[in-house]
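Following: one structure in structure tokens, then a few remarks.
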Amino acid sequence: MATTSVNQTVPAGPEDVWGLIGGFHALPDWLPYISESTLQQGGRVRSLRTSDGDVIVERLTAYSEAERSYSYTILQAPFPVTDYLATLWVFALPGRPDAAEVQWSGRFVPDGVSDAEAEALFAGIFREGLDALHATLTARRQSA
């Protein structure tokens with residue numbers, strides 16, 4: 001099993017960050033390469049469309065408002081992995097009410113690629129996603 005994890009400090013308090021990313025349906029609000037999200041099965045499954053037209057279907061497996069985290073599995077995607085499980089967390093930073101740390105981590109079994117290749121793929125996806133989140137929060141802060 002391969003794993004990867006990316007952390008980034010973002011320019012908003014943890015409640016504000018969670019308010020933006022904490023909804024399982026919220027990816028299009030902060031992730032530019034996800035153009036559409038449709039909830040199914042009472043909100044437990046999301047069908048995502050990427051800006052390239054790919055479809056990704058994910059199932060929510062755990063959600064904690066108190067811990068500001070959720071976990072999900074991939075049911076369908078154009079990625080060379082199986083048994084994918086990822087978690088998105090938002091952490092408070094002591095003494096920094098205007099910032100938070102976001103962690104996006106995953107574990108998966110590579111399928112047709114090496115562990116290193118699969119880890120690099122998802123590290124890049126997670127890093128780009130958190131960079132986009134940082135940019136979205138920065139723009140919101142500047143317009144406030």
Can you name the residue in region 1-34 that is assigned to a loop (DSSP other than H, G, I, E, B) and of a type in the set (A, V, I, L, M, F, W, C) and is also farthest from GLU58 (Cα to Cα) among such residues?
ALA12
Where the second residue is outside any loop (DSSP other than H, G, I, E, B) and at pLDDT 95 or above and the first is aromatic (Phe, Trp, Tyr) and lies in region 50-66, which pairs have Cβ atoms under 8 Å and are six or more apart or on separate chains?
TYR63/SER69; TYR63/TYR70; TYR63/SER71
Reported set for region 116-144 where residues are of a type in the set (A, V, I, L, M), within 21 Å of TYR72 (Cβ to Cβ) and either touching a Cys at 6+ places or on another chain (Cβ under 6 Å) or surrounded by 18 or more Cβ atoms within 10 Å (Cβ to Cβ) (or both) is ALA118, LEU121, ILE125, LEU130, LEU133
When every residue in region 81-91 that is in contact (Cβ under 8 Å) with a residue 40 or more places away in the chain and open to solvent by 60 Å² or more (accessible area, probe 1.4 Å) is compared, the one nearest to GLY129 (Cα to Cα) is PHE91
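Among the residues of region 40-68, which ones are among the aliphatic types (A, V, I, L, M) and in a strand (DSSP E or B)? Give the derivation first.
Applying the first criterion (among the aliphatic types (A, V, I, L, M)) to region 40-68 yields 45, 48, 55-57, 60, 62, 66.
VAL45, LEU48, VAL55, ILE56, VAL57, LEU60, ALA62 - these are the residues of region 40-68 that are among the aliphatic types (A, V, I, L, M) and in a strand (DSSP E or B).
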(1) open to solvent by less than 70 Å² (accessible area, probe 1.4 Å); (2) in contact with a helix residue (DSSP H, G or I) (Cβ under 7 Å, 6 or more places away or on another chain); (3) more than 12 Å from THR4 (Cα to Cα); (4) not small (Gly, Ala, Ser) all hold for VAL113 apart from (2)
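Among the listed residues SER105, SER71, SER37, identify the single one that is touching a Pro at 6+ places or on another chain (Cβ under 8 Å), in a strand (DSSP E or B) and either of a type in the set (Asp, Glu) or closer than 27 Å to ASP16 by Cα (or both).
The unique qualifying residue is SER37.
The values are calculated or read from the model by the stated rules, or taken from the named source; none is laboratory data. Keep in mind that this is a model prediction, so the values were computed, not measured. Here Cβ is always computed from backbone atoms with ideal geometry, including for glycine, and neighbour counts include all displayed protein chains. Keep in mind that these areas ignore ligands, DNA and RNA; they rest on the heavy atoms of the full protein, side chains included. Shrake-Rupley method; radii C 1.70, N 1.55, O 1.52, S 1.80 Å.
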